[in-house]
Structures are given as C-alpha cells and as structure tokens.
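For reference, the structure discussed in these notes is given below.
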Amino acid sequence: VQLQASGGGLVQAGGSLKLSCTASGRTFSPYVMGWFRQAPGKQREFVAAIRGRTGTAFYEDSVKGRFTISRDNAKNTVTLQMNSLNPEDTAVYYCAAREGNYYYTEGGYYPYWGQGTQVTVSS
C-alpha cells in the first residue's frame, strides 16, 4: 500500500485545516487508517484512527471534539478535519495503514506510512 498525504499548511490559532491521505496499490477497505504526528523534539504520537468497514473512529484525548477522521473507501481516501487548532497541534502529520480490524495507538503496528505533511499553527 502506498500512501500520499496532503493538506498541511500554516494557520492561525483557532483556525482549521483538512488533511487528506490517498492510498493506492491494494484494496483500501480492509485497512485501519491512522493519523500520527510528530512535533520537533518529541516522540511520534497517535492522533486518530478509523476502521475499514465499520468506519468506527478513535481519537487521542487532546483532539477529541476538535478533529474528525473520516474515510471514503470508494475513493481510497482518509481525511482528518482539524478545527480549533492551537500551537500545540504544530507537527508533521503522517497517515498510516494496517490490515485488519483492530486499531493501535503505537505506530509500530502500522507497516505502511505516508510521507508526512507539515501543520504549523501560529499564536
């Protein structure tokens, strides 16, 4: 599975951005799709994940109520709508995929990764 992320950029605090990740190479629906982020000097952290067939979504606590993950299996695309952004959300955001129905918050369980897209939130 090849993943291509896009949609990052610079936004003021309180603003919104929408990230997209398009998959190619294999049937998309059996895969759990996840978003992770890594800020400078910090470890990579889980942001959100969504199951393939059910569309059940999971979120890291700090983004609940602000971020929404969704997917379109017909278009092989997963999106992360990010609202009410704050400077602590500044990071490189990565999409990731793993086959199966269970999501993990540890990135090591995801064998497929996109190239990352920078999100910068100014105060």
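Among residues other than residue 94 whose Cβ falls under 12 Å from its Cβ, what is the net charge (Lys/Arg +1, Asp/Glu -1)?
Value of the local net charge: +1.
What's the magnitude of the charge dipole for the range 31-80 around its Cα centre, counting Lys and Arg as +1 and Asp and Glu as -1 at the beta-carbon? Answer in Debye, nearest 20.
That gives a dipole near 80 debye.
With every protein chain present, what is the per residue accessible area of the chain (1.4 Å probe, Å²)?
Solvent-accessible surface per residue comes out at 50 Å².
How long is the gain from residue 122 to residue 38 if the chain were fully straight, where each residue apart is worth 0.36 nm and the alpha carbon distance is subtracted?
Extending this stretch completely gives an extra 28.6 nm.
Which of 94, 114, 55 sits farthest toward the positive end of the charge dipole of the chain, with +1 on the Cβ of Lys and Arg and -1 on the Cβ of Asp and Glu?
Of the candidates, 55 comes out farthest on the positive side.
If we count every other residue with Cβ under 14 angstrom of residue 83's Cβ, Lys/Arg +1 and Asp/Glu -1, where does the sum land?
Value of the local net charge: +2.
Take the solvent-accessible surface of the protein heavy atoms, probe 1.4 Å, and return the percent of it on the chain that carbon and sulfur atoms account for.
The nonpolar share, carbon plus sulfur, comes to 45 percent.
Give me the dipole magnitude in Debye, nearest 20, for the chain about the Cα centre, with unit charges on the beta carbon: positive for Lys and Arg, negative for Asp and Glu.
Using only the charged Cβ atoms, the result is roughly 300 debye.
Place +1 on the Cβ of every Lys and Arg and -1 on the Cβ of every Asp and Glu in the chain, take the dipole about the Cα centre, and give the residue among 36, 46, 2 whose Cα lies farthest towards its positive end.
2
The values are calculated or read from the model by the stated rules, or taken from the named source; none is laboratory data. Values in this document were obtained by computation on a predicted structure and should not be read as measured data. Reconstructed Cβ throughout: ideal geometry from the backbone, glycine too, with neighbour counts over all protein chains shown. Note: accessible area is taken over every heavy atom of the protein model, side chains too, but ligands, DNA and RNA are not part of it. Shrake-Rupley method; radii C 1.70, N 1.55, O 1.52, S 1.80 Å.
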